[in-house]
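Taking it in order: structure first as structure tokens, then the write-up.
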Amino acid sequence: WINLITDGFPALALGVDPASGDLMERRPRGPEDGIVAPAALKRLFLWGFILTVGTIGAFVGVLLVHGVPLLSVGNGRYAGPLALARTATFTAMVLQQLVHALSFRSGTRTVFSPASLKNGSLN
């Protein structure tokens, strides 16, 4: 469900994202370069770390604020803080993936540039 929500719709919106105006003025990638540049790999691992910390932080934060449940309610279903923590974790993951899609739209423009508002499907 998370992959369906967080990857499907943003991928479709990114697919209709207009090309940047300076696309043909950029130098092509060299034949000896890898598919993923070292700078992009660093950025990828940094965002992975940020998303992981944010997701675990949402789960632990809710449990710290509302308390850790000690008993389960029939059929292995937990009531109270654990259910709330799971919901907060799910919500944090979905929202972080949407922000992640916005931030990776372009390698040269920031999220706050006027050009990022041109794709109404993603905004």
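The table below lists the values:
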quantity: Amide proton proximity set for Gly80, modelled H, under 5 Å, gap of 5+; calculated: none
quantity: Förster-model FRET efficiency, 35 Å R0, Trp1 and Val65, C-beta, rounded to 0.05; calculated: 0.85
quantity: Residue-level accessible surface for Arg43, protein heavy atoms, 1.4 Å, Å²; calculated: 80
quantity: Solvent-accessible area per residue, Å², over the range 1-65 with all protein chains present [probe radius 1.4 Å]; calculated: 80
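The values are calculated or read from the model by the stated rules, or taken from the named source; none is laboratory data. As the structure is a computational prediction, the values presented were derived from the model and not from experiment. Note: ideal-geometry Cβ built from the backbone for every residue, glycine included; neighbour counts use all protein chains shown. All accessible areas refer to the heavy atoms of the entire protein, side chains included, with ligands and DNA or RNA removed. Shrake-Rupley method; radii C 1.70, N 1.55, O 1.52, S 1.80 Å.
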